[in-house]
Amino acid sequence: VDIVMGEEGGVEALIGAMRAHAGSLGVQAKACRALCRAARVSDAACVRIRNCGGVDIVMGAMRTHKGSGTVQQEGAEFLKAMAVEFMRTMGLTAQEQGAEGGPQGVGQGVMQPVSVGSGG
């Protein structure tokens with residue numbers, strides 16, 4: 001994945017590559033890493049990532065490549081970066097965000113499955 005993220009259309013091209021090569025472990029891992037870097041340095045990139053469906057694409061990559069520790073790690077780091085950006089734009093303090101600068105529980109320990117829906 002050889003895309004300059006600072007250029008106009010970089011995020012969109014990267015997400016397009018993820019869609020076109022969903023089965024490629026290498027593309028997915030590198031794209032998750034690149035999106036994470038972009039999300040950490042640019043609020044504008046975060047907006048573009050969200051608008052292009054980037055969060056869903058990364059989550060799809062994590063589902064498709066369940067057995068890849070690399071995709072899982074890069075995807076989790078991306079999701080954490082997006083969550084931190086969201087908290088920052090909401091104006092939450094570092095204490096409200098959690099000890100590691102992210103939302104409580106993000107990036108801390110093993111992720112637990114969450115059930116959504118009616119039941120009980």
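Values quoted throughout were computed directly from the atomic coordinates according to the rules given, and no laboratory measurement underlies them. No experiment lies behind these values; they were computed from the predicted model shown. Neighbour counts are summed over all protein chains in view; Cβ atoms, including those assigned to glycine, are modelled from backbone coordinates with ideal geometry.
Which whole-number percent of Cα pairs in region 46-92 have a distance greater than 18 Å?
Counting every Cα pair in region 46-92, those more than 18 Å apart make up 32 percent.
Which order do peptides 62-74, 42-54 fall in by mean Cβ count within 10 Å, highest first?
42-54, 62-74
Ranking request for peptides 32-39, 80-87: highest mean number of other beta-carbon atoms within 10 Å first, then the rest in descending order.
32-39, 80-87
Using 0.36 nm per residue of separation minus the Cα-Cα distance, give me the extension gain between L25 and S42 in nm, one decimal.
3.5 nm
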